[in-house]
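Trainee: Mind having a look at this structure? Questions to follow.
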Amino acid sequence: MWEQLAREICDKTLLVCRRSGDRIPYLTGRDGRFDDQTDRNISWWTNGFWAGQLWQVYAFTGDEDLRRTAVAIEEKLDRALLDDMGMDHDSGFKWLPTAGEDYLLTGSGDSRRRLLLAASNLAGRFNPAGEFIRAWNDREGKNAGWAIIDCLMNLPLLYRASDLTSDPRFAQVAARHAHTAVRHFLRPDGSCEHIVVFDPVSGKKLDTLAGQGMYAGSAWSRGQAWAIYGFTLSYLHTGDTAFLDAAKKAAAFFCGHIPASGLIPADFCQGPDCDFEDDSAAVIAVCGLLTLAEATDDGAYKTAAERLLSALVKHGRCDLTPDTDCLLTRCSVSYDAPVHDHPLIYADYFFTEAVLKLAGKGLVIW
Ligand code: GLY
């Protein structure tokens, strides 16, 4: 089943690549076509995912159109490297699926330099007082003490930079941030905070915020998925079992709250009268669970991951028709977003990563 689905994803990705040129998509319009962030916001955190999908499919098919387009997008992102306010905590999301995949597959010197520049900027965001990587930027420093659960997924850029340079400092910063996430983001029941506010001078924990979840203390489903995947990756890069334990707790919470339908809500605390869904949370969790299954040799995680994917297929959430550009149809940016249940480019990326992995051909980029 996964082999067939992988082929359909690859066919559609190639078709869309050929008709979209070097667009950098985030959303899909009413006409079913991707938008383009190139001139809208070159620093947007999702700008690496389409190129990442192209690289994943390139590794599967070897079609040169995919490689050329992915490289063109990677080159466009050089403008983001010079945008001081745009260079935030999300450098891993922007440069691992672009320069990271390129370097992995071609050994490009430019890609290596991009990775190291982005990693140096990310490492420079570390606050030694609270031992966290600062989220976002603001000119007044009002959020200088903010850290977020999503940032766990940016840490592999730092682990990779240490591997590339034989300099342990990048990995040390990453591991310290991950330990802070274990201490201050993971709750006793395995659910996670989205935003934790620290005093940026003393490092003391001051508050937690709802962020993209329903309320402070709720369980934003995508944040929960970032925790499963992110803690697992920190375990794989460091061998520190504190991160493995954290990943298992986050996975137990997520799996224990999957509704009977198998479809993931925007927030696990939303009531039965709210039907906001988030396919992106589902597929990020799938990637995390598949990686956790490999890390632990526990097939139960793989079974849970396959059930989540099967639910998306069974309930018609996958669009494999040539008429549209997207692959998954019902995502939520956040619980209080003005619109819900629409495609998002990162859902498509992680869907592709998951299905190609199950088909035995996925690239490991994180
Ligand atoms: N990293 C932001 C999000 O998950 O929406």
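Throughout, read-outs are computed from the coordinates displayed, never taken from laboratory work. All values reported here derive from a predicted model rather than from experimental measurement. Here Cβ is always computed from backbone atoms with ideal geometry, including for glycine, and neighbour counts include all displayed protein chains.
Trainee: Charges only on Cβ, +1 for Lys and Arg, -1 for Asp and Glu: so what's the dipole of region 75-208 about the Cα centre, in debye to the nearest 20?
Mentor: It comes to approximately 280 debye.
Trainee: For region 1-140, what is the relative contact order in percent, using Cα pairs closer than 8 Å and at least 6 residues apart in sequence?
Mentor: The normalised contact order for region 1-140 reaches 20 percent.
Trainee: Are there trypsin sites (Lys or Arg not before Pro) in region 100-185 that DSSP puts in a loop and that have at most 15 other Cβ atoms within 10 Å, and which ones?
Mentor: Sites meeting the loop and neighbour criteria: Arg139, Lys142.
Trainee: While we're looking at this one, here's another question. Under 1.5 on a/c is rounded, so check that first for the chain, then, if it is not, pick prolate when a/b is larger than b/c and oblate when it is not; a ≥ b ≥ c are the square roots of the alpha carbon gyration tensor eigenvalues.
Mentor: Here the chain falls in the rounded category.
Trainee: Hey, another quick one. Please state the relative contact order of the chain as a whole percent: Cα pairs under 8 Å, 6+ residues apart?
Mentor: The value is 18 percent.
Trainee: Straight-line reach only, C-alpha to C-alpha below 23 angstrom: list the lysines that Lys357 could link to, leaving out same-chain residues fewer than 8 apart.
Mentor: Those lysines meeting the cut-off are Lys12, Lys94, Lys248, Lys302, Lys314.
Trainee: Here's something else I'd like to know. Can you tell me the dipole magnitude for region 1-83 around its Cα centre, using point charges on the Cβ only (Lys, Arg +1; Asp, Glu -1), in Debye to the nearest 20?
Mentor: 200 debye
Trainee: 7 Å from Cα along Cα→Cβ at both Asp110 and Asp323: what's the point-to-point distance in nm?
Mentor: Taking the two extended label points, one gets 3.9 nm.
Trainee: With unit charges on the beta carbon (Lys/Arg positive, Asp/Glu negative), name the residue among Tyr301, Leu344, Ala250 whose Cα is farthest towards the positive pole of the charge dipole of region 233-360.
Mentor: So the residue we want is Tyr301.
Trainee: Specify whether the C-alpha gyration tensor of region 242-366 places it in the rounded, prolate or oblate class, a ≥ b ≥ c being the square roots of the eigenvalues: rounded for a/c under 1.5, otherwise prolate if a/b is larger than b/c and oblate if not.
Mentor: oblate
Trainee: Given the rule -39500 (n - 2.57) for each run of at least 4 DSSP H residues, summed and divided by the residues of the chain, what is its mean residue ellipticity at 222 nm, to the nearest 500 deg cm²/dmol?
Mentor: After summing the helix terms and dividing by residue count, I get -16000 deg cm²/dmol.
Trainee: Still on this structure: With a ≥ b ≥ c the root eigenvalues of the C-alpha gyration tensor of region 95-193, is it rounded (a/c under 1.5), prolate (a/b larger than b/c) or oblate?
Mentor: prolate
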